[in-house]
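What follows is a set of notes on a single structure, which appears directly below.
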Number of protein chains: 2
Amino acid sequence: MTQRIYVGVDLGGTSIKVGLCDEEGKLVQTFEGPTGTEHGPDYVLDRIEEYVRKLVSDSAYEWEQVAGIGAGIAGFLDIPNGFVELSPNLGWRNVAVKKTLEEKLGKTVTIDNDANVAALGEAWGGAGRGIANLVCYTLGTGVGGGIIINGKIYQGYNGMAGELGHMSVVPDVEAIACNCGQTGCLETVSSATGIVRMGNDAKERGDRTSLALIDTITAKDVFDAAKAGDEVSTRIVNRAAFYIGKSMAAVAITVNPQRFILGGGVSRAGEILFNPIRETFHKLAPERAYSGVEVVPATLGNDAGVVGAAGLNLR
Amino acid sequence: MTQRIYVGVDLGGTSIKVGLCDEEGKLVQTFEGPTGTEHGPDYVLDRIEEYVRKLVSDSAYEWEQVAGIGAGIAGFLDIPNGFVELSPNLGWRNVAVKKTLEEKLGKTVTIDNDANVAALGEAWGGAGRGIANLVCYTLGTGVGGGIIINGKIYQGYNGMAGELGHMSVVPDVEAIACNCGQTGCLETVSSATGIVRMGNDAKERGDRTSLALIDTITAKDVFDAAKAGDEVSTRIVNRAAFYIGKSMAAVAITVNPQRFILGGGVSRAGEILFNPIRETFHKLAPERAYSGVEVVPATLGNDAGVVGAAGLNLR
């Protein structure tokens, strides 16, 4: 029997990455090209067709072996209909991605949001390989999440399952407003943006910290300073970690996953972030909810999106 | 084709309730008898056999129509093996319920914990009929919960999915210890026990409240006083409601159910409890996570356990 292959599309605002996975979730070939967002949706959908056809024709596989094409897109999506309702970073409103691409490519096309897709990528071919039930956090500019149940993305009623960045975790007295309209969301403290904000606040307050010497503070600066022993930065890192661990405790007694996977730029900080996360998680959850449950870094890095998108058409 | 029927067993410390459901989750016949806990597990398992056989022989159905027997049990269970590891209210340790009853009855036997089973009962034949994804809270002496995904109980890795009473929701400064060993669990404030404790605290502090006139305060007393305009009792009810709503917001962005169902004695307080719960839920969750999501009372009352137990063998 001929091997089936799966195509994934990671649709970003500046570049489109396409990749080809085998049946075990191994990424065997990729291609990346500019999105051309400024030319509008029709142009971008043409580019996706072009890049996907090129990807497959440059590979050792035949077009007939393509079992399906998946795409990860940031924004509000109507997933069953493959419709982008609103994508701020692409400037799209009401774009029929699934229908258009299926006509162009003659293959089943499935879309899903970028955080869910990254979670599926890690579950299928990364840090969650072989684990049926897991939860991913993507710690980047914002905080995204994805719930994998029996190897599939779990969407929930309105597609809001796994929107862990908007768990209200910060007590009112310390809470600040989130882009989503709520206050005290996890994303306000545990994203790169939140960490940078806490660094800038410390600098403006005149706290004794090595961050005061940096013009434009990044999240990496805060982690580096903490690793070098800066107390103010250590407190910031611990605060970001505390709220991730706190949200994990809530997730653990709701879906009780076997593994938590943390990806995104912030997760690269390593054990200085992971240790206090695990400590808080264990402190705030019943033992049976964390016993045997690992908290591990993502392993696919920027490939998680393209692998997960490819995995959207797994049966 | 002959109609299949499902038998449910609600195994309590003082009585065993058995019931017979049709394929639509309608409870058509019940029987209740004493548990005889003091005589030990063998005696109790004999009673279950006796009551189940009597239930079916007194009904309009034949034994051959019984598709399976389910039992809801409070305690720590090894569900796949049908083993009760520890049940404090039965005084059981390591009892092979599934194996023993299958030998006695010659039918498939499935067990699950009481809160999960109540959730399944409401999902199948009660307030969740027709809804595939929902979350139940059982507000009684403690706070239990159950997560229903695609019409089935979702257990999670260690069977801890839906243990919502142990979500850490109360800020440290106000948190008290929970039986589970953590502090600040939902159960410490939003169970009948928590409400009674807050009533007693108010009385002992000498607060101006009609509760001061009551010797032994019950949760119902607190709700009745709140309904009659007692301010202290209203604050207690609002506090219990606030933390349920807060936990709901966390659950809503984790599994994003279509419906929340609240059962158990405390839920009978009605709108005085439900209104502030909905208010907090809407305040602390993104709109897409609560829009179209109903928060409704359970409708099966004490029958939820027996209906859900019967539903454990649905395919």
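Residue exposure proxy: B:92, A:63, ordered by other Cβ atoms within 10 angstrom of their Cβ from fewest to most, comes out as A:63, B:92.
Computed across the stretch B:39-183, the Kirkwood radius stands at 17.0 Å (inverse of mean 1/r, all Cα pairs). Classify the stretch B:129-298 from the C-alpha gyration tensor, please: rounded if a/c falls under 1.5, else prolate or oblate depending on whether a/b exceeds b/c. Note, shape of the stretch B:129-298 comes out prolate. Of B:291, B:87, the sequence from fewest to most neighbouring Cβ atoms within 10 angstrom is B:291, B:87. 3J(HN,Hα) along the stretch A:51-68: 5, 5, 5, 5, 3, 6, 5, 7, 9, 7, 9, 9, 4, 5, 7, 5, 7, x Hz, from the Karplus curve 6.51 cos²θ - 1.76 cosθ + 1.60 with θ = phi - 60°, whole Hz, x for Gly and Pro.
Phi angles of the stretch A:77-92 translate, via the Karplus equation with coefficients 6.51, -1.76, 1.60 and θ = phi - 60°, into HN-Hα couplings of 10, 9, 5, x, 8, x, 10, 8, 6, 7, 10, x, 6, 9, x, 9 Hz per residue; Gly and Pro are given as x. When the alpha carbon gyration tensor of the stretch A:123-217 is reduced to an equivalent ellipsoid, the three semi-axes, largest first, read 32, 17, 9 Å.
Positive-end ranking of A:297, A:9, B:34 along the dipole of the protein assembly as shown, with charges on Cβ about the Cα centre, is headed by A:297. Note that the stretch B:155-203 carries a Kirkwood radius of 11.5 Å, evaluated over its alpha carbons pair by pair.
Relative contact order of chain B: what whole-number percent is it, with Cα pairs under 8 angstrom and at least 6 residues apart? Normalised by residue count, the contact order of chain B is 21 percent. In sequence order, the stretch A:276-285 has phi-based couplings of x, 5, 4, 4, 5, 4, 5, 6, 9, 10 Hz under the Karplus curve 6.51 cos²θ - 1.76 cosθ + 1.60, θ = phi - 60°, and Gly or Pro positions carry x. Is the C-alpha gyration tensor of the protein assembly as shown telling us rounded, prolate or oblate? Criteria: a/c under 1.5 is rounded; beyond that, a/b larger than b/c is prolate, otherwise oblate. Oblate is the answer for the protein assembly as shown, as a/c is 1.5 or above yet b/c matches or exceeds a/b.
With both labels modelled 7 Å from their Cα along Cα-to-Cβ, the residue B:108 to residue A:179 distance reads 4.8 nm. Computed on the stretch B:129-298, with alpha-carbon pairs under 8 angstrom and 6+ residues apart, the relative contact order is 23 percent. Taking chain B as a Gaussian network of alpha-carbon nodes connected by springs under 10 Å, the highest mean-square fluctuation of the residues B:179, B:116, B:238 belongs to B:179. Taking a Cβ cut-off of under 11 Å around residue B:294, the surrounding Lys, Arg, Asp and Glu residues balance to a net charge of +2, with basic ones at +1 and acidic ones at -1. Between A:142, A:199, A:270, which gets the highest mean-square fluctuation from a Gaussian network model of chain A, Cα cutoff 10 Å? Top of the fluctuation ranking is A:270. Where does the charge balance sit around residue A:127 when Lys and Arg score +1, Asp and Glu -1, over other residues with C-beta under 11 Å from its C-beta? Charge balance near residue A:127 sits at 0.
Taken over chain A, the convex hull of the Cα atoms encloses 139 Å³ per residue.
Annotation note: trypsin sites (Lys or Arg not before Pro) in the stretch B:189-278 located in DSSP loop regions with a Cβ neighbour count of at most 13 within 10 Å are B:208. Counting only DSSP beta bridges with both residues in chain B, the antiparallel share comes to about 60 percent. Residue order for A:187, A:122, fewest other beta carbons within 10 angstrom first, comes to A:187, A:122.
Any read-out appearing in this document is the output of simple, stated calculations on the displayed coordinates, not a laboratory observation. Remember, it's a predicted structure, so these values are computed and weren't measured experimentally. Neighbour counts are summed over all protein chains in view; Cβ atoms, including those assigned to glycine, are modelled from backbone coordinates with ideal geometry.
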